[in-house]
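Taking it in order: structure first as structure tokens, then the write-up.
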Amino acid sequence: MQLFLSTKWAGLFIALALVFTLLSPASAVRLQAFPRPWLDANITCDPQHQGFQVFKWLRDGAGGLFSRPFSKTLASTKPSPALYSRYKNDVVIRFNVTTPEEEHALAQAADQMFLDIWAFTPDWVDVRIRKDDVSSLLSLLPRSLRPSVLIHDVAAAVWATYPSETADNVMLGFGKLNIAKMKTSFERMGKLFFRDYQTLAVITNWLRLLETMFPSIAGLVSIGKSYEGRDILALRVGAGNETKQDRKTILIAGGLHGREWISTSTINYLVWSVLTSYEKDRMITKLLKHFDLIFIPVLNPDGYEYTWQTDRLWRKSRQQTKLRFCRGMDLDHAFGYAWEDSRHQTDPCSESYGGDQPFEAIEAFELAKWAKSETANGVKFVAFLDLHSYSQQVLFPYAYSCSVDPPNKENLEELAIGLAKALRRPHGERYRVDSACEGVVLHADSEGDAVSRVEAAGGSAIDWFYHDLRARYSYQIKLRDTGSYGFLLPSKQIVPTGEETLNALKYLGDYLLGNNGIESSPFRPSAGEWKDLRGRRR
Ligand SMILES: [Zn+2]
């Protein structure tokens, strides 16, 4: 691993990649699927020159590795004035809901006005709405429900989530610097990468690069195509001696909802951290020796791309529905478990519309198809983490109903509390633990009667993985924050959010390896490991 820290890392990993390509037929097939211009024979042997070539490809090939290093790419990723004006009349408001009557009224109003509900916990509901529509909404609600304003200027908050000009200036100068003098390291690349949110094209090239740099433990595959034909990429990371058939697997997905950028950046952070920590961090090394980790940073690539190009606050996929002007399906109401048992949303214009039948949404179908074929090949999914934002919650099955308890409810809850503790430790951020059924989209039935919110949550991903795939530990984790920025979390929170989620991933691995209590630890830890364990359990 130290190889990659050298100033000559570029040349070394090119050599490794070439050797790997030649020696591994399976991987060679996989590698051929993606262009890797730095492998061209006409790149000279001068390591500095190679380094530059790699960077140049990363920037040009992806429209800029670290966002937008060239002026010609600025126009394509900077939000257009039209996008800015789209939100200029919007605010995000919060209702503290305390009685069933208040919830009833809010549920009806949400359906009636097609409200964009941002988040909901048992205590509060956040809504994005045009300023001009607030009085109409309030006229439908009891006087006891009066909101507070969370985000006064949505347009400014949207604008702030795109890469900053300052970051551009740093990047613009990047290619002009003397590579050797700068002593570029992989860590530095990571720091630059996580300074901003990244486009789909950049993430794609980043994943390709990681696969090439860590060929012995990482493999990139496409699990299927989105509605608009984009690859849904998954990076499998593992260091066990067993064959793939015998591997216990932890699946970690993000980007199911387009606008939840922090979920995607967090997956990228986890990927980067486990790869660069292997054989350095004892817990990560142990994790990779015992499990395959499969990371899917962007489960909904069409929606994610749309948030960069057109509508920063787009949630659903981009699939055509039965209503021409209301595109997209909510992928978290698109999976096949408990579909019939739930009252699903039938209006395609709703933000929670998941299609008219199970797995009608292409991306959900492709994920399920791929996961089933993996299972048929002997892969055992032992855990599934579905990262979302926002509200800082660890949610466990079932989502579709609170009236049915999952068979291992106590274990699910126990681990969820442990995950929340692990999430809190690095930076003190508190995460609630709830059953997923307690926080689903408010809903009114066809007669206009409000129904309890627990009845509108069929077809969730965590329920399907839990029930149909037998992933015993299945969680939806809603990442930062608790409403100050909502989906528009500033990019300076990418790394801290990644750090706390990495800590949770380590905790998960530790738990799955049997260390449910420090005294029952099946191995004899070294002094350092004890310290690490104690530290994480405090
Ligand atoms: Zn979400």
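Apart from one condition, S373 fits all of (1) assigned to a helix (DSSP H, G or I); (2) in contact (Cβ under 8 Å) with a residue 60 or more places away in the chain; the exception is (2). For region 382-394, state whether one or more residues are assigned to a loop (DSSP other than H, G, I, E, B), within 16 Å of the ligand (Cβ to nearest atom) and closer than 27 Å to Q112 by Cβ. Taking every residue of region 382-394 in turn, at least one turns out to be assigned to a loop (DSSP other than H, G, I, E, B), within 16 Å of the ligand (Cβ to nearest atom) and closer than 27 Å to Q112 by Cβ. When residues in region 139-152 are screened for being surrounded by 16 or more Cβ atoms within 10 Å (Cβ to Cβ) and either within 24 Å of Q309 (Cα to Cα) or without any contact (Cβ under 8 Å) to a residue 60 or more places away in the chain (or both), 4 of them pass.
Just so you know, in region 461-510 the residues that are part of a strand (DSSP E or B), open to solvent by 10 Å² or more (accessible area, probe 1.4 Å) and within 16 Å of the ligand (Cβ to nearest atom) include one that is farthest from F381 (Cα to Cα), and it is K478. Scanning region 301-310 for residues that are over 20 Å from L192 (Cβ atoms) and either touching a Phe, Trp or Tyr at 6+ places or on another chain (Cβ under 9 Å) or assigned to a helix (DSSP H, G or I) (or both) turns up P301, D302, G303, Y304, E305, Y306, T307, Q309.
Tell me, yes or no, whether region 403-425 has at least one residue that is within 16 Å of the ligand (Cβ to nearest atom) and either of a type outside the set (S, T, N, Q) or crowded, with 24+ Cβ neighbours inside 10 Å (or both). Checked against the condition, which is being within 16 Å of the ligand (Cβ to nearest atom) and either of a type outside the set (S, T, N, Q) or crowded, with 24+ Cβ neighbours inside 10 Å (or both), region 403-425 yields no hits at all. Pairing each residue of region 405-421 that is among the charged types (D, E, K, R) with any residue that is buried (at least 18 other Cβ atoms within 10 Å of the Cβ), provided the two are 6+ apart or on different chains, yields C-beta distances under 7 Å for E413/F396; E413/V433.
Residues in region 292-310 that are modelled with pLDDT under 95 and not hydroxyl-bearing (S, T, Y): W308, Q309.
What is the residue count in region 316-332 for residues that are within 12 Å of the ligand (Cβ to nearest atom) and open to solvent by 30 Å² or more (accessible area, probe 1.4 Å)? Total satisfying the criteria: 0.
Yes/no matrix, rows are residues, columns are (1) at negative phi; (2) modelled with pLDDT of 95 or more:
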| position | (1), (2) |
| --- | --- |
| Q392 | no, yes |
| P397 | yes, yes |
| Y400 | yes, no |
| D405 | yes, no |
| N408 | yes, yes |
| A416 | yes, yes |
| K421 | yes, yes |
| H427 | yes, yes |
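Within region 169-193, track down each residue that is open to solvent by less than 10 Å² (accessible area, probe 1.4 Å) and at pLDDT 50 or above. T184, F186, M189, G190, L192, F193 - these are the residues of region 169-193 that are open to solvent by less than 10 Å² (accessible area, probe 1.4 Å) and at pLDDT 50 or above. Looking at the structure I just gave you, is V433 part of a strand (DSSP E or B), more than 16 Å from the ligand (Cβ to nearest atom) and either buried (at least 24 other Cβ atoms within 10 Å of the Cβ) or modelled with pLDDT of 95 or more (or both)? Taking the combined requirement at face value, the residue satisfies it.
Where strands (runs of 3 or more DSSP E) sit wholly within region 213-293, those with at least 2 residues that are open to solvent by 10 Å² or more (accessible area, probe 1.4 Å) and not assigned by TED's automatic domain parsing to the domain that holds A368 occupy 218-225, 231-237. Could you check, for region 219-233, whether at least one of its residues is without any contact (Cβ under 8 Å) to a residue 60 or more places away in the chain and more than 16 Å from the ligand (Cβ to nearest atom)? Yes - at least one qualifying residue is present in region 219-233.
Contact map, region 94-107: residues that are over 22 Å from Y390 (Cβ atoms) and part of a helix (DSSP H, G or I) paired with residues that are modelled with pLDDT under 85 and not β-branched (V, I, T), Cβ distance under 6 Å, separation 6+ or inter-chain. Pairs shown: H104/A450. Of all the listed residues (S277, S265), the sole one being of a type in the set (S, T, N, Q) and modelled with pLDDT of 95 or more is S265. Name the single residue, out of those in region 346-370 being in contact with a helix residue (DSSP H, G or I) (Cβ under 7 Å, 6 or more places away or on another chain) and part of a loop (DSSP other than H, G, I, E, B), that is surrounded by the fewest Cβ atoms within 10 Å (Cβ to Cβ). Filtering region 346-370 for residues that are in contact with a helix residue (DSSP H, G or I) (Cβ under 7 Å, 6 or more places away or on another chain) and part of a loop (DSSP other than H, G, I, E, B), the one surrounded by the fewest Cβ atoms within 10 Å (Cβ to Cβ) comes out as F359.
The values are calculated or read from the model by the stated rules, or taken from the named source; none is laboratory data. Everything numeric in this text was worked out from a predicted model, so none of it was measured. Cβ coordinates were reconstructed from backbone atoms using ideal geometry, including for glycine residues, and neighbour counts include every protein chain displayed. Surface accessibility is based on the protein's heavy atoms, side chains included, excluding ligands, DNA and RNA. Shrake-Rupley method; radii C 1.70, N 1.55, O 1.52, S 1.80 Å.
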